[in-house]
Structures are given as C-alpha cells and as structure tokens.
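J.: Let me give you the structure first, and then I'll get to my questions.
The values are calculated or read from the model by the stated rules, or taken from the named source; none is laboratory data. On a predicted model such as this, the values are computed, not experimentally measured, just so you know. A quick note on method: Cβ atoms are made from the backbone with ideal geometry, for glycine too, and the neighbour counts reach across all protein chains shown. Surface accessibility is based on the protein's heavy atoms, side chains included, excluding ligands, DNA and RNA. Shrake-Rupley method; radii C 1.70, N 1.55, O 1.52, S 1.80 Å.
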Amino acid sequence: MSLDPIQVMSGQVKELKVSPSSNGDTRGSWEEKEEFDPNQLDLTTKSKPVTGRRARKVEGAMFFPKPENAVTVAVSSRVLFRTEREQKVFEQKGVEEYLRYQIEHENEPFAPGPAFPFVKALEAVNARLRELYPQSEELFDIVLVTYNHAHVGIRLINTINHHNLFIERFCMTGGSSPIGYLKAWHTNLYLSADAEKVREALAEGIAAATMFMMEKVSEVSESQLRVAFDGDAVLFSDESERIFKTHGLDKFFEHERENEDILLDHGPLKGFLEALGKLQKKFYAKGQRLNCPIRTYLVTARSAASSGIRALKTLRAWGLEIDEALFLAGAPKGPMLEKIRPHIYFDDQMFHIEGAAEMGTVAAHVPYGIAQKHNSPQTLSGGK
Amino acid sequence: MVSTVQNSDVKQKNEDQAVVVAVTFAAVFDAEAEDDRDVYRLGVALPLLQVLQRVNERLLEENPVEHQLFDIILITTETRQQQQSSSIITSTRHHGLEVGRFCFSSEDDFIESLAQNNVQLFLTTDGNEALRATQQGVPSALLDKNSASCPSDQLRVVLCQDATIQPDADSSGASKKSAQSFLTRLGQIRQKFGMFNSPLCFTIVTSCGGKDSCCSALKSLRSLGVSVDEAYCLGGAPRGPILSILRPHFLLSDGFSQLEG
C-alpha cells in the first residue's frame, strides 16, 4: 500500500514498512500486453445505472481501487454466506447433483455467514473514507474467492446483489487452488472455512484465518469496525508460547522479564493490523480520532504488570497503535470479548475460539505456531 | 492458387461434425530453424497440438465412435511457404503431428481457404492475419511464446470480456454467428466430460465491468450451451498476473466482445 503523506499524531513521523505481499508469478510478456491504464478507466467507463438499492456510488464511474493500493480482504463464499445445505448435497449426492441443485435454486439468495457482519463493517468504513478522501484508492477491497465451479457463480452474484454488498471482484477457481490468485490480488487477509487452504496461505506469507459456522451471534456495531487480536502467535511470533508450552508458566515469566527490551518477532496478522492502522491515521489526519470507524483491540493472556510490557514495547517499536490492550492474566477471554463486541477476533488456540463462540463472538482461528500441536476443535464444525 | 493435401498418416475426420482448427505454418514450426535433413523444428504451437490430440483421445475413450473431434489443418499464409510444400509435409510426418490436411495458400487467398475448409478457429502468430480472418468472420486467436510453455494435459481456453475493446466495425451477423457457433461446439465437447478431470477447461475473465457484466456473460454462455469452469471478475485490476496463473493455450477476445444477441 503506498502511503499518502500524512502527519502521524503520536509525535514520531515514521515510514511504516508495508507487509510485503509478493507479486503473482508474472512473466514479462503477459504484463506488457495486458497493461491496464487506470486513467482511461475514469473517462471511458459508462456510469453504472442507478438502481434503488445502490445507496452509495462514486460520482459517475465505477470506482475500482488498484489491488496494491487497497487493503484487500479475500473472503470465501462459505464464510460470507451460509452454504451448509448445499455442502450436504455435495457430500451426500456428489458434484453433478450439487451443481444441479445450485442452478435450480439460483434465484434464492444465501443467508449471511460468519464473515458477513465483518464485510458490512468494512463497507461502512469505506463509505466514511470516500467522504473524506474521494479520490483515494486506500480503501478496503473485498474479493470473493470460491472453489466453486462458475455454474454457481450466478447464484453467488444474485446473493451479493440481494444483500446490497459492494463486491465487484471475485475468483471462481473451479477446483484449483486460489493461493496464486491471492498473491496476484495483493491480498492482505484471507478468510476461509477450510483450514488447509488457510495454512497454505499462511505458508505463502498471507494473513489468513479459518472461520466457523455459529449458532448464535451477538449484535455488533454497524458503524464502527472492531477487530480484536490475540498477541502471541497472532500479532507476535510464537516464540514465547513455545517457552510456556515446554517449560511452564514460571519460565515464561522469567524469560519475558529478561527479554523485556528485545522486540518480539512478528506474527502472521501483524501486517493486517498495520494496514488497519494506516487507514485509522487517515481519519486522525482529518480530526476524526474520537469518531474513528475503526477500532483495534489486543486481547491477551499476558498480564499487564509483567509479560504484557514486552508486548506493548514491541507494538510501539513497530509504530503500531492499538486502541485497547486487555491483559487478562490467564482469565477466560469469552466474557471480555462479549463486552467488546468485535466483528472478528483472531486467536491461534481453538480453546479460545470456542470460548469466544460460546458467548456469541465471531472468532477466527489462525493455525500458526506451537499451539497447533495441541489443538483439536471440539464443538465447532471446522475444516472441510 | 490453393491446394489441399491430405496427410495419409492421419485418419481423416468426419467433415460435418469435426471442429476444424487451422494453425499457420509459422506457429507449428520454427520457420528459421531447419536441421540438416531439411526438417523444420517445432514452434510455439506444439503444446496446443499436443493438447488438442489429448482431448481427441479422451473423447474417443468416452465414445469410440465419436465424430465431434478436433480436426487440425496446417495452413500456409505466404507464397514463400506455399512453395515449401514438400518440406512441410515431410517435417509434419517426421514429427508425427496429428495434422489431418495441409492447405497451401498465399497471403492473397488464405482467407478463402479458411472458408473453403470450414475452419472454425484460426490460430496464428501474426496479428494482422488474425485481424483479417476475424473481419471475414472466422474466429481467430494469437499464439506467442507464452503458448509454448502451456500444459499439454488440459486445453485451457480463456474468454476475455473487456468493455473497453471497441465493438468491431465488423461485428456483423456472420462474425458473431461464427463465434457463437464455435463456442457452442466447444461447449458440446466440454459436456462430454465430468466436472473434474476434464481435458478441456473453459475460463472467463471480465476485465472492466463489475459483477453484473460477468453475470450476464455467464448467462449468455450458458444459453449457448457452454458451461464455464472458472470465472474471474477483475473489476479493473490488470489482467497480467491472473493470466500468467491461468496459462491459457489461447485467448478469445476481439471476435467475442459482444456475445449477447
């Protein structure tokens, strides 16, 4: 993401390092032939016909940010919508019957899935960003990614229209891996129901998390995006967690105290927090700090007085501001999350994911680090 | 003067039902290179020829008396090439290429021979030739060095819908009809295989319009009997990165910018 010149309020003007998203595997001649001129787009594209449903529109042209400028969030169709019935048809009756079923029900929109409120909140932030910076491409860009055959595409597009979602980019890979496309889209975050795909994405350096179907979901804000992160093995590496798992709590405390001034290494979701921070600063620059539609939270088992200090120092050294840091000193996370009401909470341990879900918080699992050897989903339907 | 010669090494296809694909000499062979036995080396179209052959093999596996197969013609488009007819035939047979017929024409009359041979798809490395053929109502696609590194186990056809391509001046009924007819035939071939493990994969890439233009493209193709495997709606993002992952054997675009009736 390229940075507009912005004064950082915390006193330090710091050139933030963007999380490197590797380019797709491009070969010179494809690029030369297919180079697209963005200036041409604004002038020649016909304006989209205004329908009653489209409340928000940038004057005249369809506005598509360049992938490298936007914060790209790739969402699988299985987490954006509820598709369990169709999954069952696929599993029990096979692919031909599954496709026939989808086509037959083409005009029936899917119901919202666990990622739906999150995506709606991203759009609310975009609306505010467009008001303040009408020409900027630094927005959230949502890409729908599905393994589905393009047959199902029409039903998905109908569903997107039904729910008034502003999603104009998608990949229907007909069964092949979407990972290459994620890289080509400069994806900043990938949300999927399939833990395998999420692991593949993480291995390629793309922030990713697995989402699960929920029975009850608490109400969340429609005007302020709230994203909560666990610390170790999510924002930070799992180095400290390793110590805890192998040597126990006392050793963990000792280690953290001794290494208080040594920065923790970064974890898979650090880049996404960074991207959120950049957008937040755009609001601060226009005097919107108290009314910022993005709020971030750290919810960690570390304790404020001791091990938490290293976490805070690391964040500060990275130039990342987190709005609220909650040090639970080992207390259960569920009740705290219930108070915060984030649209999404990232954690590396299924135990916490389940605890959050029990109290109605949408939690996404980051299958990273040492905790994975001890994980096993008990109650939530995850994986395939 | 055009002359057509059958390749006796290859079983001739059923004229009515075969899908005739013409590939130019310059695409099949690396025209500059000849080894000392006067045999041309193979050019960028090799993976494509191999994969068309593969589709035919799979079709015959499904139905040993299948007639809707790809029928490949090698066509010359310059007088100089026209005069090399015996080397061309020798080289083709030497490499064991599944070319059914040879069409020896020059730059003046190759278009006619496309029509005479009921060619449904014309593949060339020369942009002007492709343009001329399209203007005369024969769907065409360009091959280049990217084509040389495509896989040979699955035919990957990518249809690019791009709202910024101005409608062809020749968007005549004939041109649109032949485009639709070709797509319909491809669709029929695709139907003979299941969802997975198909030797033919049909992909649509919409560059500019949003999801609604992709949706109408999917519907139009469905009405032609084409079931699309993969769809990418780019919303203005550059095509390069996506295409380099897709690795199409050929792109269909200019002749297909308006599919709807």
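J.: Under 11 Å from the Cβ of A:THR173, count the other residues' Cβ atoms, weight Lys and Arg +1, Asp and Glu -1, and hand me the total.
T.: Local charge sum for A:THR173: -1.
J.: Ballpark to the nearest 100 Å², how much total accessible area do A and B bury together, probe 1.4 Å?
T.: 3700
J.: How far is helix B:173-191 tilted, in degrees, relative to the longest principal axis of the Cα atoms in chain B, given as a value from 0 to 90 rounded to the nearest 10?
T.: For helix B:173-191, the angle is close to 90 degrees.
J.: While we're looking at this one, here's another question. With unit charges on the beta carbons (Lys and Arg positive, Asp and Glu negative) and the dipole taken about the Cα centre of chain B, which residue among B:GLN83, B:LEU49, B:GLN191 sits farthest to the positive side?
T.: B:GLN191
J.: Please list the non-local residues whose amide H lies under 5 Å from the amide H of B:ASP71, H modeled 1.01 Å from N, same-chain partners needing a gap of 5 or more.
T.: Answer set, sorted by chain and number: B:VAL19, B:VAL20, B:VAL21.
J.: Using mean Cβ contacts within 10 Å as the protection proxy, how do B:219-227, A:184-192 order, highest first?
T.: A:184-192, B:219-227
J.: Helix-only mean residue ellipticity at 222 nm, chain B, DSSP H runs n ≥ 4 weighted -39,500 (n - 2.57), per residue, nearest 500. What is it?
T.: Helix-only estimate at 222 nm: -10500 deg cm²/dmol.
J.: While we're here: Gap in Å between the Cα centre of segment A:246-285 and the Cα centre of segment A:88-160?
T.: 33
J.: List the trypsin sites (Lys or Arg not before Pro) within segment B:22-121 that fall in a DSSP loop (any state other than H, G, I, E or B) and whose Cβ has at most 11 other Cβ atoms within 10 Å.
T.: Of the trypsin sites (Lys or Arg not before Pro), the ones in loops of segment B:22-121 whose Cβ has at most 11 other Cβ atoms within 10 Å are B:ARG37.
J.: Still on this structure, please answer the following. Project the alpha carbons of segment B:1-121 onto their principal axes and report the range along each, largest first, in whole Å.
T.: Cα spread of segment B:1-121 along its principal axes, largest to smallest: 41, 31, 23 Å.
J.: Could you grab the relative contact order for segment A:67-211? Cα pairs under 8 Å, six or more apart, rounded to a whole percent.
T.: 33
J.: With N set to the residue count of segment A:67-211, report its C-alpha Rg divided by 2.2 N^0.38 Å to two decimal places.
T.: That ratio works out to 1.06.
J.: Based on the mean of other Cβ atoms within 10 Å per residue, sort peptides B:201-211, A:116-126, B:108-118, A:96-106 so the most packed one is first.
T.: Packing order, densest peptide first, comes out as B:201-211, A:116-126, B:108-118, A:96-106.
J.: Next question. Using the Karplus curve 6.51 cos²θ - 1.76 cosθ + 1.60 with θ = phi - 60°, work out ³J(HN,Hα) for each residue of segment B:3-15 in order, rounded to whole Hz, and write x for Gly and Pro.
T.: In residue order, the calculated couplings are 10, 10, 10, 7, 8, 5, 6, 10, 5, 6, 8, 5, 4 Hz.
J.: Longer than 28 Å from Cα to Cα, which of A:LYS251/A:LYS278; A:LYS66/B:LYS211; A:LYS197/A:LYS281; A:LYS93/B:LYS192; A:LYS93/A:LYS183; A:LYS66/A:LYS216 are they? Say none if no pair is.
T.: A:LYS251/A:LYS278; A:LYS197/A:LYS281; A:LYS93/A:LYS183; A:LYS66/A:LYS216
J.: Check A:VAL299: other-chain or 5+ apart residues with amide H under 5 Å from its amide H, H built from backbone geometry?
T.: Here the answer is A:PHE229, A:ASP230, A:GLY231, A:LEU326, since their amide H atoms fall under 5 Å of that of A:VAL299.
J.: Of all DSSP beta bridges in segment A:225-369, what percent run antiparallel (nearest 5)?
T.: Rounded to the nearest five, the antiparallel share is 5 percent.
J.: Note down the relative contact order for chain B as a percent, whole number, built from C-alpha pairs under 8 angstrom at least six residues apart.
T.: 21
J.: May I ask you to evaluate 6.51 cos²θ - 1.76 cosθ + 1.60, the Karplus curve with θ = phi - 60°, for each residue of segment A:302-316 and list the ³J(HN,Hα) values in order in whole Hz, giving x for glycine and proline?
T.: Listing the rounded values in order: 5, 10, 4, 6, 10, 5, x, 4, 4, 4, 5, 4, 5, 4, 5 Hz.
J.: What percent antiparallel are the DSSP beta bridges of segment B:130-242, to the nearest 5?
T.: 0
J.: Let me ask something else about it. Please compute the Kirkwood hydrodynamic radius over segment A:225-369, one decimal place, Å, based on all pairs of different Cα atoms.
T.: One decimal place: 15.5 Å for the Kirkwood radius.
J.: Still on this structure: Using unit Cβ charges (K, R positive; D, E negative) and no other charged atoms, how large, in debye to the nearest 20, is the dipole of segment A:225-369 about its Cα centre?
T.: Charge dipole, segment A:225-369, about its Cα centre: 820 debye, nearest 20.
J.: Let me ask something additional. Just read off the accessible area of A:TYR147 with the full protein assembly in place, 1.4 Å probe, to the nearest 10 Å².
T.: 70
J.: Using modelled amide H (1.01 Å from N, peptide plane; none on Pro or chain starts), what sits under 5 Å from the amide H of A:ARG169, excluding residues fewer than 5 places away?
T.: Amide H to amide H, under 5 Å and 5 or more residues apart or across chains, A:ARG169 pairs with A:LEU144.
J.: Across the residues of A:179-188, average count of Cβ atoms on other protein chains within 10 Å?
T.: If you average over the peptide's residues, the count of other-chain Cβ atoms is 3.
J.: Once phi is turned into ³J(HN,Hα) by the Karplus curve 6.51 cos²θ - 1.76 cosθ + 1.60 with θ = phi - 60°, what whole-Hz value does each residue of segment A:345-357 show in order, with x for glycine and proline?
T.: 10, 9, 9, 8, 10, 4, 4, 6, 4, 5, x, 5, 4
J.: Counting only other chains, and only Cβ atoms inside 10 Å, what mean value do you get across the residues of B:211-217?
T.: 6
J.: Oh, and also: Hey, how much of the P(r) for chain B falls beyond 28 Å, as a percent of Cα pairs?
T.: 31
J.: Moving to a separate point now. Give me the percent relative contact order of segment A:215-357, please, defined on Cα pairs under 8 angstrom at least 6 residues apart.
T.: 35
J.: Over all pairs of distinct alpha carbons, what does the Kirkwood formula give as the hydrodynamic radius of segment A:106-186, in Å?
T.: 14.1
J.: Another question, then. Taking beta carbons within 10 Å but only from partner chains, what does the mean come to for residues B:145-152?
T.: 1
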